[in-house]
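In what follows, a single structure is set out as structure tokens and then discussed.
Derivation of every value follows stated rules applied to the coordinates shown; laboratory data play no part. Keep in mind that what you see is a predicted model, and the values were worked out from it rather than measured. Cβ atoms come from the backbone with ideal geometry, glycine included; neighbour counts cover every protein chain shown.
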Amino acid sequence: MKTPRLRLPRNWLGPAALLVLVLFPFAMALITGQPVTEGAPKFWQGMLAQMFILAVYAMSYDLLLGYTGILSFGHAMFFGTGAYLTGILLKHAGWPLWQVGLAVMAAAVLQSLLVGLLSLRVRGVYLAMVTLAFAQMFFILSEATDFAQWTGAEDGLHSIPAPRWMNPTDERLRFYFISLAFCVAIYLIVRRVVESPAGKVMIAIRENENRAQMIGYNTFVYKLLAVTLSGVLAALSGLMNALWNLNANPTMLSVGVTINALLMTIIGGVGTLVGPMLGAAILQLLGYWLNAFFGPRWPLIFGIVFVLIVLFLPYGVVGTWQMRGASWRSTWAERRRRLAGWANEGGLGRKN
Amino acid sequence: MTDLLRVENIHTFIGQFHILEGVSLSVPAGSITALLGRNGAGKTTTLRSIIGLLSPRAGRIMLDGREIQGRPAYDIAALGIGYVPEHRAVFRDLTVEENLKIAERRKGDLDRRSDLIFDLFPDLKRFIRLPGGQLSGGQQQMLSIARVLVADNRLLLIDEPSEGLAPVIVENIIEALRRLSDHTTVLLVEQNFRMAAQLADRYYILDDGQSVQSGQMAELARDGALVAKYLGAG
């Protein structure tokens, strides 16, 4: 009897990565010989927690750029507003975290509807400029001394009182698992969205908006949906970021933070969802290591690395991997077809 | 036959350029009407004006007696006009199935029309899971036509379906369009006069953005001088 070959399921990579990430803190503790709540294990839990938060932020941008084709230069406004609102409501209003979460989402919906309704009337670079203008407006507001008692103006809002049970300093391991669960949950939600009929319309809009309209879709509505969903996710990542840093400052609303989203998406692979998550990890790790080796000049080296990535991986890490995978599969399929044809014709045993 | 579509003296601009300078035509229900003319005569602009991608500055476009000019493209499409643009307009990153599914106006449209579609274009069934961008040129054209068949469209605007295709594929497309005319009304833009002559009942000739001649296709096919004058084909 033929023994069945052990086959991994097609989508084994995701659950395997999740298992590795769940075991990571304990594996680090074993490797370093330090307790899981101290030293290097604790440091790397923090590093990965930041990656998870940035991964959500990058995914939110990918939904906009990668799936709907909307180039925004103002994405940081959602991230920063989420962080500021979290800080203000926790510190000044004393709201419980779940209420803060709902308020952040509601505010993000309103903010993205406002931005979307006004900016989606134009396309391409004009849209990018309008979103940049909005982001600058929020950036200037965050620095304004008129609201200093709430926002801390240029100094930012410090000592945000995160709930004791998820304090990133005292409860690092718990924070690690919460941010991991947050990242996985958002990934599953976004994947569901992009695989839904509405997600397919978003892809159609990215490819050719006129064509999508000719089929009968009011593309404005779908673009507004993408902006709103993306804004809410970015605001939630801002919330988590405020809880991690225990502060919110004007830098979070700056163009640099939007550029980071763009970099993470391009490095990982535009329109791949997993790619921007990987891009977030690459950006975070490269930033850490390059800073350790080159000090304050690290962005210069990072620039060179980024150019090399764009040159050699033009579709990003995951995008290029998928392209090459598809190319290899079609090459092998062609070879198999030829071999089968050759075997059917008699192959080596053919007698003329 | 009553007219399903009437275009009355439309003037369309692209930027500052006055492209259509008074185009009029009518498409009887259940017919195939060919819109003929040389390159740059305004055929594609006429179709884009009808579907709402361009807004005529003057004139009227009526579908079943109802004015539709100036309405957005998605609104006009929802009234039952399917547009197959030139250059095989498939969504390259969506699979064949997704390309068809996205054209549903009501849930289950594709299931209801799948027999007709896959009967007309059996290749699409074979490559149902393949991304649109990986199909050959002919298959992409078939997919592009099949997409407008998914929903219950009353009028199809088909722009240059034979463009850049091998003769054998063109024959397939002709056969498919001929069978389609049993189900719907077609306004066909085609440079390939032989193809148009095989398919259409009536014709309109555009020249420099104006409709200059119209009539029964059978008569045009016999009038070599007229064909040579406006279409450069004999």
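Show the residues, 5+ positions off or on another chain, whose built amide H is closer than 5 Å to the amide H of B:Y83.
Sorted by chain and number, the residues that satisfy this are B:L157.
Within 10 Å of each Cβ of A:200-212, how many other protein chain Cβ atoms are there on average? Mind dumping the intermediate values first?
Numbers: counts 8, 2, 0, 6, 7, 1, 2, 8, 5, 1, 8, 10, 5.
Mean number of neighbouring Cβ atoms from other chains: 5.
Please compute the average number of Cβ atoms from other chains found within 10 Å of each residue's Cβ in peptide B:72-79.
Values: counts 4, 11, 10, 3, 3, 6, 4, 1.
Counting Cβ atoms of other protein chains within 10 Å of each residue's Cβ and averaging gives 5.
To the nearest 10 degrees, how steep is helix A:76-91 against the longest Cα principal axis of chain A, on a 0 to 90 scale?
It is inclined by approximately 50 degrees.
Within a Cβ distance under 15 Å of A:V318, other residues only, what is the Lys/Arg minus Asp/Glu net charge?
Working: positive: A:R191, A:R324; negative: A:D62, B:D93.
Result for the neighbourhood of A:V318: 0.
Would you mind checking A:K200/B:K107; A:K223/B:K101; B:K43/B:K101; A:K200/A:K223 for any pair whose Cα atoms are more than 23 angstrom apart?
B:K43/B:K101
Kindly state, to the nearest 0.05, the FRET efficiency for A:A181 paired with A:V122, given R0 = 56 Å and r defined as their beta-carbon distance. Walk me through the intermediate numbers first.
Values: r = 38 Å, r/R0 = 0.69.
It comes to 0.90.
Arranged by the count of other C-beta atoms within 10 angstrom, fewest first, what order do B:R113, B:R38, B:R129 take?
Working: B:R113 19, B:R38 15, B:R129 9.
Ordered from fewest to most neighbouring Cβ atoms within 10 Å, B:R113, B:R38, B:R129 come out as B:R129, B:R38, B:R113.
Using a cut-off of 10 Å between beta-carbons, work out the net charge of the residues near A:G271 (Lys and Arg +1, Asp and Glu -1, A:G271 not included).
With Lys, Arg at +1 and Asp, Glu at -1, the net is -1.
Local charge sum around B:E67 (other residues, Cβ-Cβ under 11 Å, Lys/Arg +1, Asp/Glu -1)?
Neighbour charge sum, excluding B:E67 itself: +2.
In debye, nearest 20: dipole of the protein assembly as shown around its Cα centre with unit charges on the Cβ of K, R (+) and D, E (-)? If you can, show how the numbers build up before the last one.
Numbers: 53 positive and 42 negative charges, 381 e Å.
Around 1820 debye, computed over the protein assembly as shown.
Compute the distribution of all C-alpha to C-alpha distances in the protein assembly as shown, in bins of 10 Å from 0, and list the percent of pairs in each, rounded to whole numbers.
3, 14, 21, 20, 16, 13, 8, 4, 1, 0
Which of rounded, prolate or oblate describes segment B:1-105 when judged by the alpha-carbon gyration tensor and an a/c cut-off of 1.5?
Here segment B:1-105 falls in the prolate category.
Can you compute the modelled spin-label distance between A:L114 and A:R191, with each label point 7 Å from Cα toward Cβ, in nm?
It is 3.5 nm.
For chain B, what is the mean residue ellipticity at 222 nm derived from helices alone (per DSSP H run of n ≥ 4: -39500 (n - 2.57); sum divided by total residues; nearest 500 deg cm²/dmol)?
-10500 deg cm²/dmol
Along Cα→Cβ, 7 Å out, is where each label goes; now give me the distance between the ones at B:R60 and B:R179 in nm to one decimal.
So the label points at B:R60 and B:R179 sit 3.9 nm apart.
Would you mind telling me the antiparallel percentage of the DSSP bridges in the protein assembly as shown, rounded to 5?
60 percent
Over what distance in Å are the Cα centres of segment A:128-198 and segment A:16-90 separated?
11 Å
For n ≥ 4 DSSP H runs only, could you compute -39500 (n - 2.57) per run for chain A, divide by its residues and tell me the 222 nm figure to the nearest 500?
-24500 deg cm²/dmol
Over chain B, what per residue volume does the convex hull of the Cα atoms give, in whole Å³?
Working: hull volume 27.7 nm³, N = 234.
Residue-normalised Cα hull volume stands at 118 Å³.
So what is log10(I(q)/I(0)) for segment A:16-297 at q = 0.06, 0.14 1/Å, when the Debye sum runs over its Cα atoms only?
Listed by q, the Debye log ratios stand at -0.19, -1.00.
Ignore the peptide's own chain and count Cβ atoms of other chains within 10 Å of each Cβ in B:83-93; give me the average, rounded. The partial results should precede the final answer.
Numbers: counts 5, 1, 4, 0, 0, 0, 6, 3, 11, 3, 7.
Averaged over the peptide's residues, the number is 4.
Quick one: among A:P161, A:P197, A:P25, which has the greatest mean-square fluctuation in a GNM of chain A with alpha-carbon springs under 10 angstrom?
Fluctuation is largest for A:P197.
Evaluate the charge dipole of segment A:22-162 about its Cα centre and quote only its size in Debye, nearest 20, assuming +1 on the Cβ of each Lys and Arg and -1 on the Cβ of each Asp and Glu.
340 debye
Quote to one decimal, in nm, the extra length available between B:D208 and B:F17 on full extension: 0.36 nm per residue of separation minus the C-alpha distance between them.
Computed gain between B:D208 and B:F17 is 67.6 nm.
Can you compute the FRET efficiency between B:A225 and A:V310 using 1/(1 + (r/R0)^6), with r the Cβ-Cβ distance and R0 = 56 Å? Round to the nearest 0.05.
Once the sixth-power term is evaluated, E becomes 0.40.
Using the Cα centre of segment A:9-153 as origin and beta-carbon charges of +1 (Lys, Arg) and -1 (Asp, Glu), tell me which of A:F79, A:Q34, A:A148 is placed farthest towards the positive end of the dipole.
Result: A:F79, furthest along the dipole toward the positive end.
So what are the ³J(HN,Hα) numbers for segment A:159-165, from phi and the Karplus equation (6.51, -1.76, 1.60; θ = phi - 60°), rounded to whole Hz, Gly and Pro as x?
In residue order, the calculated couplings are 6, 5, x, 5, x, 4, 5 Hz.
Distance from the Cα centre of segment A:264-281 to that of segment B:41-63, in angstrom?
First find each Cα centre; the distance between them is then 42 Å.
How large is the direction-averaged shadow of the alpha-carbon convex hull of segment B:100-196, in nm²?
Average of the hull's projected areas for segment B:100-196 equals 6.0 nm².
Treating only the Cβ atoms of Lys and Arg (+1) and Asp and Glu (-1) as charged, compute the dipole magnitude of segment A:16-297 about its Cα centre; round to the nearest 20 debye.
Roughly 540 debye, rounded to the nearest 20.
With the cut-off at 1.5 for a/c, could you classify segment A:1-150 from its C-alpha gyration tensor as rounded, prolate or oblate?
Values: a/c = 2.81, a/b = 1.48, b/c = 1.89.
Oblate, because a/c is 1.5 or more while a/b does not exceed b/c.
For chain A, find the longest principal axis of its Cα atoms and tell me its angle to the long axis of helix A:219-245, 0 to 90°, nearest 10.
60 degrees
Putting +1 on Lys and Arg Cβ atoms and -1 on Asp and Glu Cβ atoms, find which of B:V189, B:A103, A:W95 reaches farthest to the positive end of the dipole of the protein assembly as shown.
Of B:V189, B:A103, A:W95, it is B:A103.
Roughly what % of DSSP beta bridges within chain B run antiparallel, to the nearest 5?
Of all bridge pairs located within chain B, approximately 60 percent are antiparallel.
Counting trypsin sites (Lys or Arg not before Pro) as exposed when in a DSSP loop with at most 11 other beta carbons within 10 Å, what is the longest stretch of chain A free of them? Don't skip to the answer; put the middle values down first.
Working: sites that count: A:K2, A:R5, A:R7, A:R10, A:R121, A:R350, A:K351.
Here the longest segment lacking exposed loop sites spans A:122-349.
Which aspartates and glutamates, if any, have their Cα less than 19 Å from the Cα of A:K42, not counting same-chain residues under 8 positions apart?
Hits, sequence-local ones excluded: A:D170, A:E171.
Starting at 0 and stepping by 5 Å, how many percent of the alpha carbon pairs of segment B:89-152 end up in each bin?
Each 5 Å bin holds this share of Cα pairs: 4, 22, 35, 26, 12, 2.
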